[in-house]
Amino acid sequence: MKIAFFDTKPYDKPSFDKYGKENGIEFKYFETKLSEDTAELAAGYDGVCVFVNDTVSAKVIDILCDHGVKYIALRCAGFNNVDIKHAFGRIHVLRVPAYSPYAVAEHAIALLLTSIRRIHKAYIRTRDFNFSLNGMTGFDLYGKTVGVIGTGRIGRVFIDICRGFGMRVLAYDKFPARDLDNGDTVRYVSLDELFEKSDIISLHCPLNDETYHIISEEAIEKCKKGVVIINTSRGALVDAEALLSGIKLRKVGAACLDVYEEESELFFEDNSGHILEDDTLARLISMPNVIVTSHQAFLTEEALSNIAETTVSNLVSIVKNGQCENELCYRCGSAEDCKSGKCF
Ligand code: NAI
């Protein structure tokens, strides 16, 4: 089987080469992202392997199908960049639903601790032999209330870590997990209550029509003064303009962002020699209380290995059995996972 691999980075290759070789899959690595302009590159391949910022629009799907491409293997969990409805019945879409919830949850915590204990500032200061502590006062996590939006795989690991710090958890999920709410240290609440009572808010839900700009101007208005907002999920969960004005108004105490609404042209690339056109991102990055990482929460050795292993096993399964438990299927209901594999 031959797979055209888009948006390749050096850290992708070792694990995909290993699992590909073991299972008779040959990957052709392209550095370019998949888009309407590059989809022709997939001609002659059985499938494409794509990541979060590749464009898998209706037009791209049409081009892939015209060239006989049968599989779209997402090497990520989120699929907001794929027109699932258009793909239905025409091309199989497979994903990696979980590869290391620990990687993302631990990164969210790393951002939080860095921010509130001013580690990013301390690192720069001490390298310049500046050992002053002025402006470095942080706050304890112990006893604070953290609001967690989305209590799936990553949200639950994040909650476990927060409980280890002695924090109280207010959770919100469209589909609450029955076993999570203990009526005391972890409670499901309405979104409004979560906004009103949380010292820290962390986003762990997918991006969809309901969650788009879940952190909006109105939401920020409801929040406590000094709230810390962490987003390691998808950029468009946060209205970046509203966040920026919340920071300027001193309403938002800090923001930790691993994802950004307009990240697709910037993140994962070295733009250090270019003039940044995005004024909102430039202004956010210039703030002393904002930390931005470029969608790296997933990037651990364990996660990379799991991603490659599951992607390869998805492809093997769909080719051998005609079905795959990680297939995304529109008919099974609003792009939920297709468990039957029979409705394609
Ligand atoms: P999951 O599917 O296990 O959990 C998502 C949770 O969100 C579920 O409990 C679901 O019920 C809930 N949810 C769905 N719609 C909702 C709504 N309208 N309001 C509130 N909650 C809602 O997903 P997982 O593995 O925990 O991943 C969460 C998100 O993390 C992914 O959607 C993805 O966007 C992001 N992610 C980011 C990575 C990074 O490197 N920064 C890496 C992997 C995932």
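Laboratory data are not the source of any read-out in this text; all were calculated from the coordinates shown. Note that the coordinates shown come from a computational prediction; the quantities given were computed from them, not determined experimentally. Positions of Cβ are generated from backbone atoms using ideal geometry, with glycine treated the same way; all protein chains shown enter the neighbour counts.
Taking every pair of alpha-carbon atoms in the chain, what share in percent sits in each 20 Å bin, from 0 to the bin with the longest distance?
The distribution over the chain is 29, 55, 16, 0, given as percents.
What is the gain in length, in nm to one decimal, between Cys65 and Ser132 on full extension, counting 0.36 nm per residue of separation less the C-alpha to C-alpha distance?
My answer for the length gained is 18.0 nm.
Could you check the simple spin-label distance between Asp278 and Glu302, using points 7 Å along Cα→Cβ, in nm with one decimal?
2.9
Could you put Ser272, Ser202, Ser100, Ser264 in order, starting from the residue whose Cβ has the fewest other Cβ atoms within 10 Å?
Ser272, Ser264, Ser100, Ser202
Tell me, Tyr71, Tyr188 in order of fewest to most beta-carbon neighbours within 10 Å?
Listed from fewest to most nearby Cβ atoms, that is Tyr188, Tyr71.
Please turn the phi angles of region 4-14 into ³J(HN,Hα) values with the Karplus equation 6.51 cos²θ - 1.76 cosθ + 1.60 (θ = phi - 60°), one per residue in order, whole Hz, x for glycine and proline.
Karplus-based 3J(HN,Hα) across region 4-14 equals 8, 9, 9, 6, 6, 10, x, 6, 6, 5, x Hz.
Which residues does a label at Thr145 reach in region 179-197, if reach means a backbone N under 15 Å from a point 7 Å past the Cα toward the Cβ?
Residues passing the 15 Å test: 183-197.
What is the fewest-to-most order of Cys324, Cys49 by other Cβ atoms lying within 10 Å of their Cβ?
The most exposed by this proxy come first: Cys324, Cys49.
Straight-line reach from Lys59: which lysines have Cα under 16 Å away, leaving out those fewer than 8 places along the same chain?
Lys33, Lys70, Lys85
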